[in-house]
Ligand code: PLP
C-alpha cells in the first residue's frame, strides 16, 4: 500500500526519524534508560505549554487526557460550566456529566468562537444560583469546526468572574501548533495528544496542571484509577509512569522533539500559520465557502462547506482515487463540511499540492471551479505568510 497523502487533523504523517525511532528495541520501563527518556520528553514539551509545571504523559488517546482532567480534580455534583463551540466541546462536557458533574453549557454556533463576555454572563448566572463553577471546560482549538478560541481572553474573563475556578483546557489539536501560555494565562489543566502537532503516532496524551489544580485534587472524589493524575505526578520524579507506558511512542516523541527544537518553536508556529493561510486562500479561491469565522480560523485545521449540489462522498471518492485523504464533517456537520488538517510535519508545499488535488478531484466530481485559481491563490498566500 503506498503511503497516503494524509491531510487529516491527526494522525499526521511521521517524519523519517520518528518512524525509525518507533522500530527501536524495547528498554525496561522501570530502569535508568527510560527514566532519562521520560525526563527528556517531559521537559522538552514544557516550552510548548509555556509552563513550569511538570508535563505528565499518559498512555491513552487525547480523550483519556480529558477524562483524567475531569476525574482528578472534580467531585460528583460539582457545578461545571462547559464552553462549547463544536463536537469536542460537547465531548468534554459529556465526560464531566458521565462522572456526575452538574454541567451547565454555554454554546456558540458552530463555526464561531466563544465570546468571553457571554462566558462571564454564564458564570455570573451560575453564581447567582449559588453554583459558582468549580471548573470551566474550554476547547482551545475546535477540530470539528476549524475554529481557535481566544484562549487568553476567555481565561481572563473566567478569572475576573470566578478567581478560584479551575480552567480545564482541551488543547489536543492546539498545543505545539500555535502559541499557548499556560502559566501566563493562568490555565489550570492543559491536555494535548500525540497524533496532532507532535508528529508521532496516536497513543499518548500529555497533561500539565497548576498548583490550584493540585490543591483541588486533594479533596476531589470522582472515581478514578488509571486516569488519576496524582499517580502520574507522583511517578514522574522517579522518571516513571504509574502503568506500563507505550515505550515505543516515547522514543518517537524524543525524536520528534529533536526536530521541533532544531526548527525552533516560533518557526514551528509560523509554519503552521503559513499552512493555514495557504489552505484558506486555496479553498476560497476555488469557490468553497470557508466555515470558520475568519477572525478565529484555525492554523491547524481548515474547514469548508461542501457545495450544495454535490455529495461529499462523491468528492471524497475522487480525492481518495488520487490518494489524498481529507476529513469529513463531524456530528451535525457530517456530510456538510470537509476539513484539511495542517499540523505536525507539514509544509506550505504539502498544502499547495493538496489544493491542486482538491481542484482536480472536485472538478471530476462535478463541482464548478475556475481551473488554476485555487493553487495560484494558495501559492501566493503561502509566500506572503
Ligand atoms: N479534543 C480535540 C480538540 C480533538 O481534536 C480530539 C481528536 O481529534 C480529541 C479531543 C480527542 O482525541 P482522541 O481522538 O485522541 O481521543
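A few notes on this one:
- Within the option set 132, 105, being more than 11 Å from the ligand (Cβ to nearest atom), surrounded by fewer than 20 Cβ atoms within 10 Å (Cβ to Cβ) and assigned to a strand (DSSP E or B) holds for one residue only, 105.
- Across the range 92-102, the qualifying residues are those that are surrounded by 19 or more Cβ atoms within 10 Å (Cβ to Cβ) and within 16 Å of the ligand (Cβ to nearest atom), and the one among them that is nearest to the chain's Cα centre (by Cα) is 92.
- Any hit, the range 203-225, residues being in contact (Cβ under 8 Å) with a residue 60 or more places away in the chain, outside any strand (DSSP E or B), within 16 Å of the ligand (Cβ to nearest atom) and out of contact with any helix residue (DSSP H, G or I) (no Cβ under 6 Å at 6 or more places or on another chain): no
- Subset of the range 267-287 (residues that are buried (at least 21 other Cβ atoms within 10 Å of the Cβ) and over 16 Å from residue 341 (Cα atoms)): 285, 286
The rows are residues; the columns are (1) touching a strand residue (DSSP E or B) at 6+ places or on another chain (Cβ under 6 Å); (2) under 30 Å from residue 332 (Cβ atoms); (3) not assigned by TED's automatic domain parsing to the domain that holds residue 150.
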site	(1), (2), (3)
39	no, no, no
45	yes, no, no
87	no, yes, no
94	no, yes, no
103	yes, yes, no
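- Selection status of residue 299, closer than 28 Å to residue 205 by Cβ, surrounded by fewer than 17 Cβ atoms within 10 Å (Cβ to Cβ) and under 21 Å from the mean Cα position of the chain (by Cα): no
- Counting only helices (runs of 4 or more DSSP H) that sit completely within the range 1-81, those holding 1 or more residues that are farther than 28 Å from residue 350 by Cβ, modelled with pLDDT of 95 or more and within 15 Å of the ligand (Cβ to nearest atom) correspond to 62-73.
The values are calculated or read from the model by the stated rules, or taken from the named source; none is laboratory data. Quick caveat, the model's predicted, so the values are computed rather than measured. Every residue, glycine among them, receives a Cβ derived from its backbone with ideal geometry; neighbour counts consider all protein chains shown.
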